[in-house]
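Down below is the structure, laid out as structure tokens.
What follows is calculated from the coordinates using simple rules that are stated; it is not laboratory data. Just so you know, these numbers come straight off a predicted model, no measurement behind them. Reconstructed Cβ throughout: ideal geometry from the backbone, glycine too, with neighbour counts over all protein chains shown.
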Amino acid sequence: MNIHEYQAKQLLQHYNVSLLRNGVATTSDEAVKIASEIEAKLWVVKAQVHAGGRGKAGGVVLARSLDDVKKAAEKLLKTTLITHQTGHEGEYVESVLIEEGCDIAKEFYISFLINRDQNCISLVASSQGGMDIEQVAHDTPDAILTENINPLLGLKDYVVRKVAFSLNLDVSLHLEFVSLIKKIYKAFVELDAMMLEINPLVLTKDNQFLVLDTKASFDENALYRHPNLSAIYRSQKSSDIDREAQKHDLNYVKLDGSVGCMVNGAGLAMATMDMIHFHGGTPANFLDVGGGATAEKVAAAFKIICSDPHVKSIFINIFGGIMRCDVIAEGILKAIEETSLSLPLVVRLQGTNRQEGLDMLEKSGLKISVFDDFDQAAASAVRLSK
């Protein structure tokens with residue numbers, strides 16, 4: 001789960017991380033009100049999107065008067081911002097962050113992330129923070145320092161001091177730097193974050209460290225432990241299909257193909273998509289109904305697939321373990337009745353109560369292509385989609 005910059009800063013505020021005064025606005029009038037309350041000589045108006053590269057794309061605007069703040073907010077709000085991370089479709093800007101400016105002496109890059117290769121959390125740092133950090137990583141990888149953190153010991157002061165020396169920080173700044181990095185690490189661990197990036201972390205001309213920009217993503221499987229993050233997750237905009245899938249606890253991902261897929265189990269779902277590709281087709285979705293789905297849940301999944309106008313055929317591939325094949329068949333028949341299905345339907349049922357499920361489909365009198373063989377079923381679904 002990704003969150004906006006202003007939301008990440010609100011979380012960091014609870015850990016006493018040094019931040020500039022700021023506020024989030026959804027209208028230009030709100031932006032002016034926030035700026036007037038901050039009472040600064042310089043403000044920064046930043047588009048709130050789930051993507052980096054905003055500065056180069058015009059999503060970060062400096063304002064030296066309240067009138068400039070209003071113009072910047074009007075320019076950014078209700079527009080689509082396209083950066084190198086959003087793709088050609090871009091992201092719609094619903095809110096802007098208004099933040100006071102500061103005198104920057106030096107910019108750094110700091111991030112914590114899950115290092116799956118080393119089974120630990122890694123601290124990544126560079127003395128060349130800012131908008132061009134991706135270019136720095138590409139052109140001069142030696143400028144990026146990575147410290148793997150022992151999961152039993154946690155982040156020790158000597159590790160942070162090693163980073164401080166690598167960043168060429170004056171020794172007089174080490175104590176403050178260690179304190180700040182350990183606060184950020186504590187937030188990362190306690191919030192079950194997957195990635196927490198500070199870019200840039202700035203050193204001001206009066207030798208104060210400040211978090212100027214931050215990006216964060218979290219493990220959705222741990223949201224039940226964090227009511228505040230769950231609230232953010234529920235409030236995030238998603239498509240009607242995504243909301244419907246969440247409502248029925250379905251693992252659904254929209255894809256660009258024409259073969260709609262309904263499968264139980266993530267492994268079988270991936271194998272099903274591979275088999276569709278093997279036969280020259282493209283899957284329209286990843287949809288895992290899980291191991292203990294009810295007929296109602298199956299019907300809901302079926303209707304979600306049918307709601308995609310790009311779907312030209314539907315492939316239902318079920319291995320009945322905990323999930324019974326007759327329950328799947330019941331859900332299929334219920335959904336067909338409710339949706340007046342006109343698309344070609346291919347069904348492969350194996351496992352618990354397989355014969356009962358097949359009998360239900362056969363007695364329905366509906367035109368359903370039923371297969372025992374996985375390969376043949378996938379080939380048929382692809383052929384029918386064309």
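So here's what we get for this one:
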item: Proxy reagent accessibility, fewest Cβ within 10 Å first, across CYS120, CYS325; result: CYS120, CYS325
item: Rg to Rh quotient for region 1-142, alpha carbon positions, Kirkwood Rh; result: 0.99
item: For region 240-385: relative contact order, % (alpha-carbon pairs under 8 angstrom, 6 or more apart); result: 25 percent
item: Relative contact order (%) - the chain, alpha-carbon pairs under 8 angstrom, separation at least six; result: 12 percent
item: Hits among lysines - C-alpha to C-alpha of LYS9 under 17 Å, sequence gap 8 or more where chains match; result: LYS46, LYS182, LYS183, LYS186, LYS215
item: Reachable aspartates and glutamates, given that their alpha-carbon falls under 14 Å from the alpha-carbon of LYS156 and they are not under 8 places away in the same chain; result: GLU147
item: Anchor LYS247: lysines whose Cα lies under 26 Å away (excluding residues fewer than 8 positions away in-chain); result: LYS237, LYS297, LYS303, LYS312, LYS334
item: Within the chain: Cβ-based charge dipole about Cα centre, in debye rounded to nearest 20 (Lys, Arg +1; Asp, Glu -1); result: 220 debye
item: Simple Cβ-charge dipole of region 301-342, Lys/Arg +1 and Asp/Glu -1, about Cα centre, in debye nearest 20; result: 100 debye
item: By average C-beta atoms within 10 angstrom, highest first, the peptides 18-26, 279-287; result: 279-287, 18-26
item: Global form of region 240-385, assessed from the alpha-carbon gyration tensor, a/c cut-off 1.5; result: rounded
item: Ranked packing of 178-185, 247-254, most packed first, by mean Cβ within 10 Å; result: 178-185, 247-254
item: Percent of beta bridges antiparallel (DSSP, the chain, rounded to nearest 5); result: 75 percent
item: Percent of C-alpha pairs per 5 Å bin, region 61-107, short to long; result: 5, 18, 21, 19, 16, 15, 6, 0
item: For region 89-96, 3J(HN,Hα) per residue [Karplus equation, 6.51 cos²θ - 1.76 cosθ + 1.60, θ = phi - 60°, Hz, x = Gly/Pro]; result: 6, x, 10, 6, 9, 9, 8, 10
item: Nonlocal amide H pairs with ASN251, under 5 Å, H built at 1.01 Å; result: ASP288
item: Under 13 Å, Cβ to Cβ, from LYS71 - net charge with Lys/Arg +1 and Asp/Glu -1; result: -1
item: Mean Cβ count within 10 Å, highest first, over the residues of peptides 102-110, 336-344, 195-203; result: 195-203, 102-110, 336-344
item: Contour excess over end-to-end distance, with Cα ends at THR282 and HIS174 and 0.36 nm allotted per residue; result: 33.4 nm
item: Environment charge at GLY267 (Cβ cut-off 15 Å; Lys +1, Arg +1, Asp -1, Glu -1); result: -2
